[in-house]
Amino acid sequence: MSSNKLIATAKANTNIALIKYWGKRDEKLFLPMNSSLSITLNNFHTITTVEFREELKEDKLIWNQAPGSAKELMKISSFLDIIRKEAGASLYANVITENHVPTAAGFASSASGYAALAAAATKAIGLDLSPEGLSKIARQGSGSACRSIYGGFVEWQKGCLEDGSDSFARQILDEKAWNVTILSVMVTAGQKKVSSREGMKRTVESSPFYQGWLDTVGEDMEAAKKAIRNRDFEFLGAVLEGNALKMHATMLGAKPPIIYWESGTLEVIHRIQDLRQEGILTFFTIDAGPNVKVLCEPKNEDKVKQALMGLRSVQKVISCNPGEGVKYLSEHLIEWT
Ligand code: PMV
């Protein structure tokens, strides 16, 4: 190894799926059963610095200014093993990460987390990857992370090869091409009880409704892509809302069933439906947690936000717009001397 410093820092935004990824066909390689489509958000992000060093005997993790737990460190080390293998290197790394995403409450912190880690670690170790290559690496940390490499509207093609070499994301529309408002509506800040990994596994293995999901998600993808091409907000909204409900319906059929919703989730859903009755175009989507993301046109943002803030169970509403993909920062979070 040269005496050059093997350090890099990357910032990645999280993303919200409009057409969900739900179910793996390969647990180890994070290969999905279906393609998915997301918007990268501009307000929730992770910044990660990775430095590989010769004197280290193991990887080290600092997570939000505190030592990472043994469980987190283990996950990150096995992810770094993928990158070490790709680079033909055996060095261990210091990883320091700052997460600006409310974790494990249906806000996809793993997406920005693994996208930033993949970008920083591959650059620090000297791998020169295309966005597709980086997307494939990020996918193996958390499926949804493969979409956070890009800004704007992003499609993750499920691929069909066993080695995963055709399963990566690509941008379909950049963040400046179509402005929509995404409101992150927090009804609880608690940790979710079933991880998305466990939730999807149980659904695939035991839900009689899962086949219905697989039979129709391809049509949802095509419809959503057409709506995005035509900048047809109403059509896109109807498709994404239906897709989210369908994903949650598959979980209700799992054994034991998985119910991520809380009473506040339903309160938000009903308010959004009422707003539509009142003539305001707005739609909701929900990931593996109780919190809701609401989409509206920027001209209606204030009205929708106000309506949601008036609900008893709503603790916080944060506005986002389409955001950019992964980028490298010249300042590192820490440089070990
Ligand atoms: O990649 P994961 O493990 O964060 O799973 C993401 C699952 C959903 O958020 C529910 C859907 C999606 O496509 O992001």
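We did not get these values from a lab; they are worked out from the coordinates using the rules stated. Every value quoted in this text rests on a predicted model; they were computed, and no experiment measured them. Counting neighbours? That spans all protein chains shown, and the Cβs are built from the backbone with ideal geometry, glycine included.
Relative to the Cα centre, what is the charge dipole magnitude of the chain, using +1 at the beta carbon of each Lys and Arg, -1 at the beta carbon of each Asp and Glu, and rounding to the nearest 20 debye? Walk me through the intermediate numbers first.
Details: 40 positive and 39 negative charges, 87 e Å.
The calculated dipole for the chain is roughly 420 debye.
Taken over segment 185-337, the convex hull of the Cα atoms encloses 179 Å³ per residue.
Relative to its Kirkwood radius, the Cα radius of gyration of segment 1-43 gives an Rg/Rh of 1.22. Sorted ascending by nearby beta carbons within 10 Å, beginning with the fewest, 45, 270 become 270, 45.
If you run the Gaussian network model on the chain, springs between alpha carbon atoms under 10 Å, then out of 255, 24, 192 the most flexible one is 255. Expressed per residue, the C-alpha convex hull volume of the chain stands at 131 Å³. About the Cα centre of segment 181-320, how large is the charge dipole given +1 on each Lys and Arg Cβ and -1 on each Asp and Glu Cβ? Please answer in debye to the nearest 20. Roughly 400 debye, rounded to the nearest 20. Rounded to the nearest 20, the Cβ-based charge dipole of segment 1-44 about its Cα centre (Lys and Arg +1, Asp and Glu -1) stands at 60 debye.
Counting neighbouring Cβ atoms within 10 Å and putting the fewest first, the residues 178, 22, 63 line up as 178, 63, 22.
Here's how it looks for residue 325: its modeled amide H is under 5 Å from those of 151, which are all 5 or more places away or on a different chain. Helical content alone sets the calculated 222 nm signal of the chain at -11500 deg cm²/dmol, taking -39,500 (n - 2.57) per DSSP H segment of four or more residues and averaging over every residue.
What list do you get for 21, 260, 150 if you sort them by fewest beta carbons within 10 Å? List each step's numbers first, then the result.
Numbers: 21 25, 260 20, 150 29.
Ordered by Cβ neighbours within 10 Å, fewest first: 260, 21, 150.
Since only 298, 95, 110 are under comparison, the one whose Cα sits farthest along the positive direction of the charge dipole of the chain, derived from C-beta charges on Lys, Arg, Asp and Glu, is 110.
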